[in-house]
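Asks: Quick one: the structure is below, questions incoming.
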Amino acid sequence: VMSMGMKTNTFGTPGVMEREGQDVFFLKHLWHARGIRNRIIECFERAALPSASEAEKRRLLSFVVVGGGATGCEFVGELYEFIHDDVTGIYGHEHLQEHVKITVVEGGPSLLGPFDQTLQLDLLKNFDNKNIDVQLSKSVKAIEDHGYQDGAHKMVCKLSDGEEVEFGALIWCGGNAPVKFTDRLSLDKGPGGRIIVDETLKVPDQNGRVFAFGDAAVIETLPLPTIAMAAYQ
């Protein structure tokens, strides 16, 4: 039985792997969540310093989420609540709230692409009411380090339309890629490098003794979204 899951797909974007774990974060494992939380708090701590300039506060408190799928959008909602319900209660006297900005970058024409259009529109309206900046039909071309300034690295996210977004933390939810083990298997692969299986999760031409499921596999006649609810059902 093969159930290796998948890893984060960076699409070879320059700068992502180089800064991963510092100011760029994936969202796959428990230690990723801890790293994100620690970095957000660090950004607020640095922004609260008396020596922090207005420009530095804006940069530190700019949070970019790459990927407008279910994972990215759910994280944006949690991030907004964490910042507005928890963090600002601690740093409210510093007036840091006015410097906070959340940006979502999605390569497709809409958020929550596989979902019903009604949900997509409701989410856009919700994000708009919360002043969350949504950048659709754009991709990240590079993550660049513009040098050490004001006691920290000045990080910039370059978008496909030429716009540059400075950030304190960037969370990459931009898609999945097969792990090395899956990549090396000489089996038929479907979209995204997932192992093709039949409706009973059997790998074809293996005498019925080899199975694959989860994100590592795809039912050729019934491709399902790689979300927990689909797996549960």
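Asks: By DSSP, what percent of the beta bridges with both residues in the chain are antiparallel, rounded to the nearest 5?
Replies: Counting DSSP beta bridges with both partners in the chain, the antiparallel share is about 45 percent.
Asks: Which entries in LYS57/LYS158; LYS130/LYS154; LYS180/LYS202 show an alpha-carbon gap greater than 23 Å?
Replies: LYS130/LYS154
Asks: Among the lysines, select those whose C-alpha is under 18 Å from the C-alpha of LYS125, and discard any that sit fewer than 8 residues away in the same chain.
Replies: LYS101
Asks: In a GNM of the chain with a 10 Å cut-off on Cα contacts, which of LEU61, LEU201, LEU79 has the highest mean-square fluctuation?
Replies: Comparing LEU61, LEU201, LEU79 in the GNM, the peak value goes to LEU201.
Asks: DSSP loop (so not H, G, I, E, B), at most 14 other Cβ within 10 Å: list which chymotrypsin sites (Phe, Trp or Tyr not before Pro) in the stretch 9-66 pass both filters.
Replies: For chymotrypsin sites (Phe, Trp or Tyr not before Pro) across the stretch 9-66 that sit outside H, G, I, E and B with at most 14 neighbouring Cβ atoms in 10 Å, the list reads PHE11.
Asks: What dipole magnitude, in Debye to the nearest 20, does the chain give about its Cα centre under +1 on Lys/Arg Cβ and -1 on Asp/Glu Cβ?
Replies: 640 debye
Asks: In what sequence, largest accessible area first, do GLU164, GLU42 appear using a 1.4 Å probe?
Replies: Final ranking, largest accessible area leading: GLU164, GLU42.
Asks: Quick check for you: with a 1.4 Å probe and neighbouring chains kept, what is the accessible area per residue of the stretch 100-197, in Å²?
Replies: Heavy-atom SASA per residue in the stretch 100-197 reads 52 Å².
Asks: Which of the peptides 100-107, 206-213, 2-9, 190-197 is most tightly packed, and how do the rest follow, judged by the mean count of other Cβ atoms within 10 Å per residue?
Replies: Going by the mean number of other Cβ atoms within 10 Å, highest first, we get 100-107, 190-197, 2-9, 206-213.
Asks: Whenever you get a sec, line up LYS180, LYS154 from highest to lowest accessible area (probe 1.4 Å, protein heavy atoms).
Replies: Correct descending sequence by accessible area is LYS180, LYS154.
Asks: Moving to a separate point now. Once amide H atoms are built 1.01 Å from N in the peptide plane, which residues 5 or more positions from VAL24, or in another chain, come under 5 Å H to H?
Replies: Excluding prolines and chain starts, which carry no amide H, the hits are LEU170.
Asks: A follow-up question, please. Could you rank TYR232, TYR80, TYR148 by how accessible they are, 1.4 Å probe, largest area first?
Replies: Ranked from most to least accessible, the order is TYR232, TYR148, TYR80.
Asks: Order of 34-41, 127-134 by packing, highest average Cβ count within 10 Å first?
Replies: 34-41, 127-134
Asks: Excluding ASN38 itself, what net charge comes from residues whose Cβ is under 13 Å from its Cβ, given Lys and Arg +1 and Asp and Glu -1?
Replies: Surrounding charge for ASN38 is +1.
Asks: What length, rounded to one decimal in nm, is gained on full extension from SER53 through to GLN117, with 0.36 nm per residue of separation minus their alpha-carbon distance?
Replies: 18.8 nm
Asks: Sticking with this one: Under a GNM of the chain (C-alpha, springs under 10 Å), which listed residue has the highest mean-square fluctuation: GLY67, GLY21, GLY162?
Replies: Evaluated over the chain, the most mobile residue of the options is GLY162.
The values are calculated or read from the model by the stated rules, or taken from the named source; none is laboratory data. Nothing here was measured: the structure is a model prediction, and the numbers come from that model. Reconstructed Cβ throughout: ideal geometry from the backbone, glycine too, with neighbour counts over all protein chains shown. Accessible surface areas use protein heavy atoms only, side chains included; no ligands, DNA or RNA. Shrake-Rupley method; radii C 1.70, N 1.55, O 1.52, S 1.80 Å.
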